[in-house]
Amino acid sequence: MAAEPIAATGPAASSPWRLALRRLRRNRIALGFLGLFVLIVVFVLAAPLWSHNVAHTGPNDTHTLQKVEVDGEKRDVVNPEGQPIGPVWFGASGKFFLGADGRLGRDEMVRLMYGGRTSLLIGISSALITTALATLFGLLAGYYRGATDSVISRSMDVLWAFPVLLLAIALGLVLAVGGLQIGPIHISGGSIWIPILIIGVVMVPYMARPIRGEVLSLREKEFVEAAVAQGAGSLRVMFGELLPNLWSTIIVFFTLNIANNLLLESALSFLGVGVQPPNASWGTMIASGNDLITSAPLLTIIPGTMILLTVLSLNVFGDGLRDALDPRSKVRLEAHAGMAEPEGTAV
Amino acid sequence: MASAPLLSVRDLRVGFVTEGGRLQAVDGVSFDLAPGEVLAIVGESGSGKSVIAQTIIGLTRSPNSRIDGSVQLRGAELIDADDAELRKVRGEQIGMVFQDPMTSFNPVYKIGWQIVEAIRAHRRDIGDKEAGEIAVEMLDSVGIPNPARRVDDYPHEFSGGMRQRAMIAMALALEPDLLIADEPTTALDVTVQAQILALLERLNRDRGLATILITHDLGVVAEVADRVLVMYAGRVVEQGTLDEIFYDPQHPYTWGLLGSLTRMDRERPKRLPQISGAPPSLQSLPQGCSFRPRCPHEFGRCSELPALDARLSETPAHLDRCWLSPEQKCELRQVEGEIGLEAPAR
Amino acid sequence: MARFILRRLVGMVAVLFAVSVLTFLIFNVIPNSDPAQRMAGKQATPELVASITKEWGFDDSLPQQYVTMMRKVFSGDLISYEGRENVDEKIVEGIPETFSLCIGAAVIWLFFGILFGYLSAVRAGGWLDKTLTVIAVTGISMPVFWLAAIFLNYLTYKTEIFPSGGYVEFTTEPIEWANHLILPWITLAILYAGFYSRVLRSSMLDVMGEDYVRTARAKGLSEQRVMSRHVMRNSLIPIVTLFGLDFGALLGGAILIEGIFSLEGIGQYAYEALKNTDLPPIMAIVLFGAFFVVLFNALVDIAYAYLDPRIRLGASANG
């Protein structure tokens, strides 16, 4: 806009956080999608409730040879040709709401909810790990520069050069079988900590690089000089001065990273190197649904749609968050290149 | 005004719709500009001065803006001119220089290329080579040394002062009759400021280049202006010749501006004088005179917005917006022997 | 300039070296796979296993094994543990599939990404912008393999509009070649196009608010010229750099797409090798992929210097 800036007058300008909150509140679409995400979280948290009180079955309980009463009529859960029953909705008072999931005759709705818990748990936990490590490395590299920066940046470069999916698959294969031993802690191959750690670590370079960039530019600002002049040591500067200015970037990256990691987890699980049976995730459900895609396409469509909705809501909300925190953010581009960036996703 | 004015602005109003509501950036500004005259528009940020400048060549047109009034260049109306007409005026009849020369040049193209682009946009008949030569001439005429070599440099290879000179060269490449300079020296060092002002003065003298100089600095004005417009919160509060403004100012705001100038020829004041308070938010202007909250001389009548009138019969072109009588003004504006503005008694 | 290139080359080699070491270590830490054991097969006798171990050098020290393997990678003698095939040859066989997939998809995603991004930016805030944004964000929010599976189901299995996969040589039958690749291209392109349109939109909006665009208008340039020479020229810079990185990464093989559409490309080969924990092909493919990533990284840096003179000449001469 060509208009000149209007002088800041009247009551003292509110804190940047409050301004951001106000801007965010005005963004109906972003809030709407945040609501969708919350709804999804509630949905998956309700898994035990549904499982015990409505469907009366667990996610891994098979019902292959059983029959279920639908609107008075008794029907095979899995018919003699191996075709599972389709969505029953409330015909059997909630049992097999979305039908059965294949030859094993497990309740698709229950699996969807439990699978969602797994997927979300992995997505959020790995995002926490990625964010924590990336912030740490980004701060260290950006603040100390010199040799520290070289070592950290080169390591990031090496990880970055590794085709991400290959690396994740490789680690998945290795660790899913033998488990992981870190000192005294042993994590078994089937534990969901394996995919959490793999995804968490693999995505670090993509977040660390933009954070490092921002630290490099922040560090030249006067408030850093002022802090140093007051005798603040390196730790104080990094965590007391630089970090507070990074929060808005970090929060946005974190949100987008959850979305990204969800996609990566689903890809790994689809390939069999992510979540291991008996655990289920939306990714594994797509894989098993894929075997029956021609006869029971819903088994593939439904879990994929859940992923789509979850990732979509995180992406839209993340964007709204970024707009609210800094409407003219240059870090946008970095965020894209690092985060919702397909390199880190599965192709 | 002996001959017809070059530029004639009548009751210009510019309003914007922003995140915080509607605001009136310019509220009824009128002035004439004679050929070869230098008019300075002075005010703080938010006073509307830049908006006037940009509105003249139509840069403020947008779905969020509302422009009323009249701007006539040699009789041709610009406010409702269509895009094609406006484009013809820009660069060819009115040249514009902006505040920050670093961001005002496209960083990926050479300076010479950008000047040639300006030339050829209007004069297709001038070939690349010839336009290039004109560019070199222009750089030379604004005092850039080694112009033939520097024409192939990128903007970031110039120093701040040189860049601004180059901007001026580009604005004048097609020899317009009017140059609008929007805070041309604000982003520059003080020593460089003086050079740029001297350049503008020379250009005005040598080419009869009419100039509108936008600035917040009265000191800058004293160097080059013929006439001065003082703006506050979107309205003109005083307008007159340079001498009238400096030696017989009629508005408390002007007194404040003059009083806060640091002067080399006087003793150093114990405290830097300033106008207390801050300009009002354009989204919620006070009733009546908008300067009232900051004025130590305000009185009852100030709740009514003063009209912009000539209150001194001898100088009908010297207008101001203050209810005080001329006698009161002469007395009140003397602060410690100089023209200035006391702090309000609160 | 020459020194810059030299330094980059050294850096590239260093990164590739580190990648190869990392790969080697990962696979030698696997608890279960003794390659000699697996190669000997079901009827393995200890003698057979021992002789294989000796023949293949599995009893050498790790560093020695590494050196031997690297030598073989570059001399073209690398043989896979599983199936005993020449790795380098198999990779070369996979190149047409992978490259056809990548290049075709790239053309599509660049075209639509730039088109949609441009339209969104110039009509920012309007219904077109909102619609395109919704499409774009949805595109980047779905698991690519899921979309592929759905496409296959409805466009191939159920309706037979498109063939179900496999690759046809371009030289033999160009039309069939394209026909078989359309679904993979579209599936891959949707993801990237959505992404690129948003990047371009964001970049254009930033540039359109810049002072130099205002100057261009003040000079009296036509709107068309302002858009093409000033806005687009600067807005496309991030797209160019992003594309370089993405394309470079993609050339190493798109595992999921190749798998689902049965394109026997490098990605597919990689997946097979991973499932069999077959180190030689994994090593070669990883290096192949990493090479392109690093190469394109360098190309992007060079292109960036060309596109933005400020980078070229270092910090500005005067402040």
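Bear in mind that the values in this text are calculations on the coordinates, not laboratory data. Quantities reported herein were computed from a predicted structural model and do not represent experimental measurements. Neighbour counts run over all protein chains shown; Cβ positions are idealised from the backbone, glycine included.
Computed about its Cα centre, the charge dipole of chain C is approximately 1740 debye, with only Lys, Arg, Asp and Glu carrying charge at their Cβ.
Counting only lysines at least 8 places from A:K74 when in the same chain, those with an alpha carbon closer than 21 Å to its own are A:K95. Build a GNM of chain A with springs between Cα atoms under 10 Å apart, and of A:R18, A:R117, A:R145 the one that fluctuates most is A:R18. Positive end of the dipole of chain A (Cβ unit charges, origin at the Cα centre): among A:A127, A:M306, A:G72, the Cα lying farthest that way belongs to A:A127.
What do you get for the angle between helix C:2-28 and the principal long axis of chain C? Use alpha-carbon atoms, 0 to 90 degrees, nearest ten. Once rounded, the angle reads 40 degrees.
Placing +1 on each Lys and Arg Cβ and -1 on each Asp and Glu Cβ, with no other charges, gives the stretch A:117-306 a dipole about its Cα centre of roughly 120 debye. Between C:W127, C:S80, C:I91, whose Cα lies farthest towards the positive end of the dipole of the stretch C:74-128 when Lys and Arg beta carbons carry +1 and Asp and Glu beta carbons carry -1, centred on the Cα centre? Projecting each Cα onto the dipole axis, the largest value belongs to C:W127.
Within the stretch A:232-287, the ratio Rg/Rh, alpha carbon atoms throughout and Rh by Kirkwood, equals 1.34. Output the 0 to 90 degree angle, nearest 10, between the alpha-carbon long axis of helix B:160-172 and the longest principal axis computed from the alpha carbons of chain B. Helix B:160-172 sits roughly 80 degrees off the main axis of chain B.
Grab the other residues whose beta carbon is less than 13 angstrom from that of A:G82, score K and R as +1, D and E as -1, and report the net. All intermediate terms of the calculation are to be shown ahead of the outcome.
Details: positive: A:R103; negative: A:D76, A:E81, A:D101, A:D291.
Around A:G82, the charge tally is -3.
For peptide A:167-174, what's the mean number of Cβ atoms from other chains within 10 Å of each residue's Cβ? Display every interim value, and only then the final one.
Values: counts 5, 0, 6, 11, 1, 1, 8, 9.
Averaged over the peptide's residues, the number is 5.
With no solvent and one point per C-alpha, what does the Debye sum give as log10 I(q)/I(0) for chain B at q = 0.11 Å⁻¹? Cα-only, vacuum Debye calculation for chain B: -0.76. Reported value for the stretch B:21-172: 149 Å³ per residue, from the convex hull of its C-alpha atoms. The length gained on full extension between C:E85 and C:L62, counted as 0.36 nm times the residue separation minus their Cα-Cα distance, comes to 6.0 nm. Using the structure shown, select from B:K49/C:K219; A:K67/C:K275; A:K221/B:K270; B:K49/B:K110; B:K129/C:K219; C:K54/C:K275 the pairs with a Cα to Cα distance greater than 27 angstrom. Long pairs (Cα-Cα over 27 Å): A:K67/C:K275; A:K221/B:K270; B:K49/B:K110. Each Lys or Arg adds one and each Asp or Glu takes one away; over the other residues whose Cβ falls under 14 Å from the Cβ of A:G231, this sums to -1.
Could you state the per residue volume, in Å³, of the convex hull enclosing the Cα atoms of the protein assembly as shown? List each step's numbers first, then the result.
Numbers: hull volume 237.8 nm³, N = 1012.
About 235 Å³ per residue, rounded to a whole number.
Provide the gained length on full extension for the span C:A14 to C:I311, in nm with one decimal, where the gain is 0.36 nm per separating residue minus the Cα-Cα distance. Before the final figure, lay out the partial values.
Working: separation 297, 0.36 × 297 = 106.92 nm, distance 2.44 nm.
The span from C:A14 to C:I311 would gain 104.5 nm if fully extended.
In units of the compact-protein estimate 2.2 N^0.38 Å, the stretch A:117-306 shows a Cα radius of gyration of 1.22. Whole-Hz Karplus values for the stretch A:155-167 come out as 4, 4, 4, 5, 4, 5, 5, 5, x, 3, 5, 4, 4 Hz, taken residue by residue from phi with 6.51 cos²θ - 1.76 cosθ + 1.60 and θ = phi - 60°; glycine and proline positions read x.
Summing charges over all other residues whose Cβ lies under 11 Å from the Cβ of C:K54, with Lys and Arg as +1 and Asp and Glu as -1, gives -4.
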